[in-house]
1. Tell me whether segment 274-283 contains one or more residues that are of a type in the set (D, E, K, R), in a strand (DSSP E or B) and within 30 Å of K608 (Cα to Cα).
2. Any residue in segment 375-394 that's over 17 Å from K305 (Cβ atoms): show its pairings with residues that are polar (S, T, N, Q) and part of a loop (DSSP other than H, G, I, E, B) at Cβ separation under 9 Å, as long as the two are six or more apart or on different chains.
3. Out of Q195, Q211, Q223, I need the residue that is modelled with pLDDT of 95 or more and closer than 17 Å to F542 by Cβ. Which one?
4. Any residue in segment 456-481 that is within 22 Å of P182 (Cβ to Cβ) and within 16 Å of the ligand (Cβ to nearest atom) sitting within a Cβ distance under 9 Å of a residue that is of a type in the set (K, R) and in a strand (DSSP E or B)? List the pairs, counting only those 6 or more apart or interchain.
5. Identify, from the list Y426, Y412, the residue that is more than 30 Å from I516 (Cα to Cα), at pLDDT 95 or above, of a type in the set (F, W, Y) and surrounded by 15 or more Cβ atoms within 10 Å (Cβ to Cβ).
6. Show me the helices (runs of 4 or more DSSP H) found entirely inside segment 97-195 where at least 1 residues are acidic (D, E) and buried (at least 17 other Cβ atoms within 10 Å of the Cβ).
7. Could you look through segment 531-587, keep only residues that are under 30 Å from D129 (Cβ atoms) and free of Cβ contacts under 8 Å to residues at least 40 places away in the same chain, and pick out the one that is surrounded by the fewest Cβ atoms within 10 Å (Cβ to Cβ)?
8. Here are I123, I78, I116: which of them is modelled with pLDDT of 95 or more and either in contact with a Lys or Arg (Cβ under 8 Å, 6 or more places away or on another chain) or β-branched (V, I, T) (or both)?
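The values are calculated or read from the model by the stated rules, or taken from the named source; none is laboratory data. Note that the coordinates shown come from a computational prediction; the quantities given were computed from them, not determined experimentally. We place every Cβ from the backbone using ideal geometry, glycine too, and count neighbours over all the protein chains shown.
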Amino acid sequence: MINQLDYTYKDRVWCGKINEKYVNKEVKLYGWVHRFRDMGGILFVDLRDRTGIIQVVVPIELKINKLSLEDVLEIVGIVKERPIENINPNIATGNFEVVAKEIKILSKSEPLPFMINEDYKDIRDLKIDEATRLKYRYLDLRRLQMFKNMYFRHKMIKYIRDFMDNEDFLEIETPLLAKPTPEGARDFLVPSRLQVGKFYALPQSPQLFKQVLMVSGIDRYFQVAKCLRDEDLRADRQPEFTQVDIEMSFISKKDIFLLVENLLNYVLNNLGIEISIPFEVIDYNYAMKHFNSDKPDLRFNYPVKKWNNSIKINLNDENFDINQAYYIFFKNLVLARKELDKLNDFLKQNNLKFLYLVCANSEFKGSLVKFVDINEVDNYLRKENQFYDGNYLVFVISSKNYLDELILIKNYLVDNRLLKPVKDFYFLWIDNFPLFKIEEEKVGNKLIRKISPEHHPFTNVLEEDRAKVYMIYEQLKKNPNIIYDDGFVKEVLAVRSLAYDLVLNGVEVASGSIRITDIEFQKIIFEIIGINEEEANRKFSFLLEAFKYGVPPHGGIALGIDRIIALLLGYNSIREVIAFPKTQSGSCLLTKAPSEVDPIQLKELGIKLMEVN
Ligand code: ASP
């Protein structure tokens, strides 16, 4: 009979938590065989559970069957301090070992498809291909680093819930079986058996429900929500992913910024990560003009400056115009000889016509040296950049594409880890996104142009630009073909919205907007983006109907939690922080989903499969 009285889960001693408190005490441990060594009959077993590893010494007298890696054991033993010469500084419990009194094999493991106990510093150094890891995800998740990822994720979501609760937000679950929510991707459809021929769409986000909840007077909503989007996948995309979805009533953009900054500050501080708030806010147009990106990575923000043309560069090259020269200055950057050679190769390969100057330990090198008075240039650069001592590297260029080319150089230095980030985690708001974008599609040999929402169709316009929306609407009504007029397109793209993104280290990690609450204006937006009244009613009548009964002004945001966690933990791929992710082709290699279904199920749903090409 199992003795249930003397041991409950509360008495569990974790392998990785053995410390001086347990010395000379009896403990009962459970775990997997991480490694073992037979030293002439005495067995040394590294027992592992999710918290870490402890060495167990199994004396000769304890006869046990042959062990295999990853067998599951129950061990009762006495904790001892290890003799100094046996201390293992590489593990947290390295000062201790457990001398077993009883050992039970609870379950055997077959030979493993890959090793779990190999020494690696980082999951990215593993030599196993990802497909094998995903097929045997349960084994992969046994790795302590993977457990840490899951634990970090769990804690992050817990702190988010704590913070939101404290700010009077309610977590409300919204349906998965619903109507389409337009977020710019394809819908996953679910056929209805009870109403054959009809389909639910899985939500691309809870957008419409959260707006309805504002009409319901919930006032402050959030949800750790699964979003489902059928789109082409990349390292930072999954067909199902998690958002912290937020909506608030009676607020302005400022409130959303304040809330998210405080939320991230609270959560990250609890996770031991220091950040500074408030975050910088950059206008979309400014970002595009200066960084050529709506998600610039300002960890490496080195400004591009105009070269002062009174500082002469005596270069006989018709392509080099001193009046149109720009430069970028990297302080404290010292490149070794090999790195300089590599840099020169890179410049050549990319046909980049830079002059550069390296100042290292008061010596000057580089292609600029022979064309300038070096003392004059050195003085000028130091003064201009308020950098009076130390080394630097500077690139000078005169080209039409100077911005793109200087960014190329900067990226090269970043990719080769030659530049140090100004901070580890650089959050940044991008504000005043355009309301519309233009989509082009080739139908036959005709190019069809379409106006689409840049964010989603419920995003409100910046008040100063509202009149422009009416004008665009009128012009389109008079002449739908005006869309092929480039001047008109320019006007359309210039309309600014109340939409914003949050960027972390050059990755978009959240986006949101203040919403339209004026039904007539919403209808105009639908018309402009090509959703006619019939379609609007079919898809969104419930929202428009709800807005008739007293709708508060509202807005919100959604944070892509997988991406944030991956960035904080230093991964490029969000799959490392998702327990059961899908591959690029949308498969789950563990369960082999998606898969064929039983013909009887299809029949019940009224579905007949046909060939598609
Ligand atoms: N639903 C939006 C999204 O998924 C976020 C928002 O506007 O609140 O991007």
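1. Going residue by residue through segment 274-283, those that are of a type in the set (D, E, K, R) are 274, 280, 283.
Now restrict to residues that are in a strand (DSSP E or B): 280, 283.
Checking which are within 30 Å of K608 (Cα to Cα) leaves us with none.
The answer is no, given that none of the residues of segment 274-283 is of a type in the set (D, E, K, R), in a strand (DSSP E or B) and within 30 Å of K608 (Cα to Cα).
2. Sorted first by the residue in segment 375-394, then by its partner, the pairs are G390/N332; N391/N332; N391/N361; N391/S362.
3. Working: Q195 fails: closer than 17 Å to F542 by Cβ; Q223 fails: closer than 17 Å to F542 by Cβ.
Just one listed residue meets the conditions, Q211.
4. Sorted first by the residue in segment 456-481, then by its partner, the pairs are F458/R515; T459/R515; N460/R515; V461/R496; L462/R496.
5. Working: Y412 fails: at pLDDT 95 or above.
After applying the criteria, what remains is Y426.
6. Working: elements: 130-135, 137-140, 144-166.
The helices (runs of 4 or more DSSP H) meeting that bar are 137-140.
7. Filtering segment 531-587 down to residues under 30 Å from D129 (Cβ atoms) leaves 560-587.
Checking the rest, the ones that are also free of Cβ contacts under 8 Å to residues at least 40 places away in the same chain come to 570, 587.
Numbers: G570: 10, S587: 15.
Applying the filter and picking the extreme gives G570.
8. Working: I123 fails: modelled with pLDDT of 95 or more; I116 fails: modelled with pLDDT of 95 or more.
Criteria check complete, one pass: I78.
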